[in-house]
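A.B. asks: Got a structure for you, written out below as structure tokens; questions coming shortly.
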Amino acid sequence: MTYRVFNFVYRKTSETLRRLRAFARIAPWWGERGEPPRFAPHDPWPGSTERGRAMLAGLYALRGEQIRFGRNCWSPAKASPQILAALHDFDWLRDLDATGDKNALNIMQMMVEDWLLAAPHFPPDIARLAARIDVCGHRLFMLLAWYPRLTQANSRLARLLRTSLVEHGMQLRQSRLNPQPEATPEPRLRPNIPAVAMMRALCGWLAYELCLAKPLSPGGTYPGPENFGKERDKVLQMLQDRIPQLYFPDGGQISRSPMAQAEILRGLVTCRDLFRQARLPIPPSVQNGLDRMAPALRFFRHGDGGLALFQDSIAGDSAGLDLVLAQSQSLGEAPRSLPHSGYERLAQGPMVVMMDCAAPPPSDIHPLAHASTFAIEASIGTERVITNCGAWFGPHTEWWQAARRSAAHSGLTIEDKDTAEFREVGGIGRRPTIADKRRNENDQGVWVEASHDFYQIKFGVTHQRRLFLAANGLDLRGEDIIQGAEAHYFAIRFHIHPVVEINLDAAENCAYLRLGSGAMWRFRSVGGSLSDAETVYLGMDGEKRRARQLVIEGLMTAPTTQIKWALQATTG
């Protein structure tokens, strides 16, 4: 017992001394300059002003959810993981500042001071969230960006912030940007994608090291305090090592999530801007990442400007995507195919079709990966027609899981079983193997086909999907080929966007789809019974919308079952 007490006291004392030494190294410079160097944060994101005005009225709104905003609001009982993370990463500083209101600064100072004083007393689950590297890193970035504003005529807050900034920086240094998943995670705290968490933490760490650097002369380099050269080298090496690991050679993000693609690209823009403002050369890894990932982000956009709903993504804000692509300064066009990422894009005339042609990513890359192999989405002009359900970021874990199932995607299932194994402890277990993936283009149109074997072990079944989009973009045809010796039940789902009206003609085994613009398209099928059923659309921020789906179902006929379907323009 005596040894344990001694060891505990020794560790706590050592930690305190390390913090004092770290602060002692930067304290003389802070006393000399009065504040860290200024660096310009990003332009306000679309919706910042509206969110800021709501906060001035005492409400924090995010993705359709509202909570009380004010002192001691840091652990609301029924808040979603998304809004909890946003509260603690201080992204709301940008929103409040964007209002231009004379009271905004007072509220910003009050809330930051309240958080600094309350942090040691947070409940365990909130403390874990606040210490998560993505939340901590973004909070550090925001505090540094708004430090000059926050410390205006507020010496007490300036003293608190100086100590807190050092503690934040030390936490990121010690983490080495490695997310440590909880053995038994808190159910209401939704896990983040590790690559996204690492990118946000990296931006905060980089800002910390650059802002604590003291320029020798105007326009000169930033050697900073006595240990800054070593720490800067660590950051540069981290950028060089980690950034190329975030994306495939085709530019797609390794989690295969379009939302993660946008978030990582935004982080790379932040890193590049930090180097520019510090008058330091931009590392090749940052510039190469921008050049590769920006075109891949364009790949995932439908005609309405939003993202495809694959792998835990929602459509997002098209204006925000426009902004991050403009900030990337990359002019590369959307590629036709992302072969390493496992996506195909068929774009002809007014129609854009995307198909997931790969297995879901493993759990260590994407904790909430979706079983969406061979799922498709289709949009016509600026209108979505065939879609996936999307993703849910609210507090109810059952919705997180439901959106991951194969039935929540526009694809085929056998006996209502998923196309990947969901483990009871979380994550993805056994995954399908993709074979015979091919793409062909000519004057008639574009063909894509692939097959997978996930159902082989349990049912002795293989599935092959073929797509064809005519050159005029008015004729999409599909064929699902199921091979197996036994008669198993199959269902092919096509989730239809809520705006589209469905008129089913059971006698003709077809359905007429009226788009929001009034245009009429006919969906017809051969090889199974066509019906419609209820579904839910989760593609919008914080919304669950009722929708309909078309379902082709039946029993297999040995040894091969062919189901053909088509979506074609009509004047009827």
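Taken together, the values in this text are just the output of simple stated rules run on the coordinates, not laboratory data. Everything numeric in this text was worked out from a predicted model, so none of it was measured. Using ideal geometry, Cβ is built from the backbone for each residue, glycine included, and neighbour counts are taken over all protein chains shown.
A.B. asks: Which Cα, out of GLY516, PHE300, TYR489, lies furthest along the positive dipole direction of the chain (beta carbon charges, K/R +1, D/E -1)?
C.D. replies: PHE300
A.B. asks: Relative to the longest principal Cα axis of the chain, at what angle does helix 194-211 sit, 0 to 90 degrees, rounded to 10?
C.D. replies: 30 degrees
A.B. asks: Run the numbers on the stretch 213-341 and let me know its relative contact order in percent, using alpha-carbon pairs under 8 Å that are six or more apart. Can you show the working numbers first?
C.D. replies: Numbers: 165 pairs, mean separation 36.5, N = 129.
Worked out over the stretch 213-341, it gives 28 percent.
A.B. asks: Total Lys pairs in the chain closer than 18 Å by alpha-carbon, pairs eight or more apart in sequence or interchain only? Could the numbers behind the result be given before it?
C.D. replies: Values: LYS78/LYS544; LYS214/LYS230; LYS214/LYS234; LYS417/LYS458.
Here the count comes out as 4.
A.B. asks: Another question, then. Positive end of the dipole of the chain, charges at C-beta (+1 Lys, Arg; -1 Asp, Glu), about the Cα centre: which of ILE434, ALA197, LEU140 has its Cα farthest in that direction?
C.D. replies: LEU140
A.B. asks: Taking 0.36 nm per intervening residue step and subtracting the Cα-Cα distance, what contour gain separates ALA57 from ARG546 on full extension? The partial results should precede the final answer.
C.D. replies: Values: separation 489, 0.36 × 489 = 176.04 nm, distance 3.14 nm.
Additional length available on full extension: 172.9 nm.
A.B. asks: Once R0 is set to 45 Å, what does the formula 1/(1 + (r/R0)^6) return for the Cβ-Cβ distance between ARG438 and LEU280, expressed as a FRET efficiency to the nearest 0.05?
C.D. replies: Numbers: r = 46 Å, r/R0 = 1.02.
My answer for the efficiency is 0.45.
A.B. asks: Using 7 Å Cα-to-Cβ label points, what is the GLN240/GLU508 separation (nm, one decimal)?
C.D. replies: 6.6 nm
A.B. asks: Starting from the Cα of ALA485, step 7 Å toward the Cβ, then list every residue of the stretch 431-470 with an amide N under 19 Å from that point.
C.D. replies: In the stretch 431-470, the label zone of ALA485 (backbone N under 19 Å from the point 7 Å along Cα→Cβ) covers 453-463.
A.B. asks: Estimate the FRET efficiency between GLU167 and GLN329 by the formula 1/(1 + (r/R0)^6), using the beta-carbon distance for r and 41 Å for R0, to the nearest 0.05.
C.D. replies: Working: r = 35 Å, r/R0 = 0.85.
Efficiency computed from Cβ-Cβ geometry: 0.75.
A.B. asks: With +1 assigned to the C-beta of every Lys and Arg and -1 to the C-beta of every Asp and Glu, and no other charges, what is the dipole magnitude of the chain about the Cα centre in debye, to the nearest 20? Please list the in-between numbers first.
C.D. replies: On the way: 67 positive and 60 negative charges, 444 e Å.
Here the chain has a charge dipole of around 2140 debye.
A.B. asks: Take the Cα of HIS340, step 7 Å along the line toward its Cβ, and report every residue of the stretch 258-288 whose backbone nitrogen sits under 20 Å from that point.
C.D. replies: Residues 258-269, 283-288 qualify, since their backbone N sits under 20 Å from the label point.
A.B. asks: If you don't mind, another one. Enter the per residue convex hull volume of the stretch 344-570, computed from alpha-carbon coordinates, in Å³ rounded to the nearest integer.
C.D. replies: Working: hull volume 27.9 nm³, N = 227.
Taking only Cα atoms, the stretch 344-570 has a hull volume of 123 Å³ per residue.
A.B. asks: If I histogram all Cα-Cα distances within the stretch 410-476 using bins 10 Å wide from 0, what percent of pairs lands in each bin?
C.D. replies: 18, 38, 26, 15, 3
A.B. asks: In addition: Identify the residues of the stretch 381-412 with backbone N under 11 Å of a label point that sits 7 angstrom from the Cα of SER517 along the Cα-to-Cβ direction, or state none.
C.D. replies: Residues passing the 11 Å test: 381-384.
A.B. asks: Set the Förster distance to 25 Å, then compute FRET efficiency between GLU501 and THR382 from the Cβ-Cβ distance, nearest 0.05.
C.D. replies: Values: r = 17 Å, r/R0 = 0.68.
Plugging the Cβ-Cβ distance into 1/(1 + (r/R0)^6) gives 0.90.
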